[in-house]
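Here's the structure, in structure tokens; my notes come after.
The values are calculated or read from the model by the stated rules, or taken from the named source; none is laboratory data. None of the values given here were measured: they were computed from a predicted structure. Here the Cβ positions follow ideal geometry from the backbone for every residue, glycine too, while neighbour counts run over all protein chains shown.
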Amino acid sequence: MEYFQRVKALTKTRMWINNVTPLEAHLAINAGAIGCTQNPAYVWKMIQNQEVRPHVDELIKNYKKTLNDPDLILEHVQRDLVKEIADIFMPIYQKTNAKLGYVSIQGNPFKEKEDQIIRCGLFNHQASANIMCKVPVIKSAKAAIIYLIEQGIAINATEVMSVRQAMDICEIVNQTKSMDLKPIYYSHITGILDEYLVNYVRDNNIDINPDILWQAGIAAAKKTYHITKQLNPEVGFIGGGARGLHHFTEMVGADVNITINWKDTAEELIKSDFPVVEAFNRPTPDYVIDELLTKLPVFRKAYMINEITEEEYDDFGPVVLFRSSFEKAWNQARQYIIELN
């Protein structure tokens, strides 16, 4: 068996695939993927793919015949492209009685107020039963998450960079009175948290052992996982933003789903064929946590429950870093739509 098949056979850890073409979706499923995440950068990524671009161009041109707003065109194109991936995952959804096989979609990163998220979430969910609404865990979006849950829509609560954000999702689910509760996950964006911390150390000339810094995101993920499992074991964990192979391998052993790109990550893990070792259950040494807490204020906010408030989620450095990549890609796709004849 290949690497992911062995992970699946020996542990509860599962692979999701991120921002895929239809071909990559089939390859990922064959390798063991059980779900998929797409983000607001998806259309721009597909525009950059020479094999998929002609299809994207056709969709854009068709919508330009009836729609004038480039953002609205972009929303429609995104939904159509994601539906094509959802159709590929539909057999898994049907075979598991709607437990697996979801494909999540996140809307315009410039429109993240309650009414905007609800409108976009309902619009996207109409495309397919296995579409999961992806919503950022920020103060302005929490009411939208509650509303969508109550409509019986599966949720991927994303942009989680702190233990407190994940706890908020558990509390929301614990309080819901929905009689049609679909799967609910939060995405702990471990790789982006690490990327932010590496940049912070470099930009501020922080004297910290690189071996300790390497463990920061995984340490935060471990604490988040264990606390939320106590609060509500039915709320699932998705690890995201992988920036290295360790953002998958160090998670192995936990009951989690790790979303990774096919190119450079999934392909490399298959090629490397590492031994399947339950690394996640190894405790992070106290001296590692102590140094991270002492030297990195952002890690303290990510790791300590009472060091961050919901008013700070939207402007939390790692969240801003993640969102900025979406905003850039959304603007690039929007400009492409405007200029395409």
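Scan (1) in a helix (DSSP H, G or I); (2) surrounded by 14 or more Cβ atoms within 10 Å (Cβ to Cβ); (3) free of Cβ contacts under 8 Å to residues at least 40 places away in the same chain for the single condition Leu67 breaks and write down its number.
Single failed check for Leu67: (1).
Any chance the range 113-131 includes a residue that's among the acidic types (Asp, Glu) and either in contact with a helix residue (DSSP H, G or I) (Cβ under 6 Å, 6 or more places away or on another chain) or on the phi > 0 side of the Ramachandran plot (or both)?
Yes, the range 113-131 contains a residue that is among the acidic types (Asp, Glu) and either in contact with a helix residue (DSSP H, G or I) (Cβ under 6 Å, 6 or more places away or on another chain) or on the phi > 0 side of the Ramachandran plot (or both).
Filter the range 127-141 down to residues that are surrounded by fewer than 22 Cβ atoms within 10 Å (Cβ to Cβ) and touching a Lys or Arg at 6+ places or on another chain (Cβ under 8 Å), then give me how many there are.
3
Being closer than 24 Å to Gly317 by Cα, among the basic types (Lys, Arg) and under 17 Å from the mean Cα position of the chain (by Cα) narrows it down to one residue among Lys111, Lys134; which is it?
From the options Lys111, Lys134, the qualifying one is Lys134.
Return only the number of the condition from (1) modelled with pLDDT under 95; (2) out of contact with any strand residue (DSSP E or B) (no Cβ under 7 Å at 6 or more places or on another chain) that Glu112 does not satisfy.
Of the numbered conditions (1) modelled with pLDDT under 95; (2) out of contact with any strand residue (DSSP E or B) (no Cβ under 7 Å at 6 or more places or on another chain), the odd one out for Glu112 is (2).
Quick one: is Ala144 outside any loop (DSSP other than H, G, I, E, B), over 17 Å from the mean Cα position of the chain (by Cα) and buried (at least 21 other Cβ atoms within 10 Å of the Cβ)?
yes
Just one of Lys95, Lys61, Lys99, Lys83 is under 24 Å from Met15 (Cβ atoms), basic (Lys, Arg) and touching a residue at least 60 places away in the same chain (Cβ under 8 Å); which is it?
Lys99
Which ones in the range 118-168 are among the charged types (D, E, K, R) and either modelled with pLDDT under 95 or out of contact with any strand residue (DSSP E or B) (no Cβ under 8 Å at 6 or more places or on another chain) (or both)?
Result: Arg119, Lys139, Lys142, Glu150, Arg164, Asp168.
Every residue, every condition in (1) part of a loop (DSSP other than H, G, I, E, B); (2) farther than 22 Å from Ser325 by Cβ; (3) out of contact with any Ser or Thr (no Cβ under 9 Å at 6 or more places or on another chain); (4) of a type in the set (Gly, Ala, Ser), yes or no:
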{"position": "Trp44", "(1), (2), (3), (4)": "no, no, yes, no"}
{"position": "Asp57", "(1), (2), (3), (4)": "no, yes, yes, no"}
{"position": "Val82", "(1), (2), (3), (4)": "no, no, no, no"}
{"position": "Ile92", "(1), (2), (3), (4)": "no, yes, yes, no"}
{"position": "Ser104", "(1), (2), (3), (4)": "no, no, no, yes"}
{"position": "Gly107", "(1), (2), (3), (4)": "yes, no, yes, yes"}
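Take the residues in the range 184-230 that are of a type in the set (Ser, Thr, Tyr) and in a helix (DSSP H, G or I); name whichever of them is surrounded by the most Cβ atoms within 10 Å (Cβ to Cβ).
Looking at the filtered set, the residue picked out is Thr190.
In the range 113-139, which residues are over 14 Å from Asn39 (Cα atoms) and not in a helix (DSSP H, G or I)?
Matches in the range 113-139: Lys113, Gln126, Ala127, Ser128, Ala129, Asn130, Val137, Ile138.
Of the residues Thr96, Thr13, Thr21, which single one is surrounded by fewer than 20 Cβ atoms within 10 Å (Cβ to Cβ), touching an Asp or Glu at 6+ places or on another chain (Cβ under 9 Å), within 25 Å of Val135 (Cα to Cα) and at pLDDT 95 or above?
One residue alone meets the criteria, Thr21.
Filter the range 200-223 for residues that are farther than 21 Å from Val163 by Cβ and of a type outside the set (Val, Ile, Thr) and give the result.
Residues satisfying the conditions are Arg202, Asp203, Asn204, Asn205, Asp207, Asn209, Pro210, Asp211.
Just checking: which of the helices (runs of 4 or more DSSP H) contained wholly in the range 231-341 hold 3 or more residues that are buried (at least 20 other Cβ atoms within 10 Å of the Cβ)?
246-249, 297-303, 317-339
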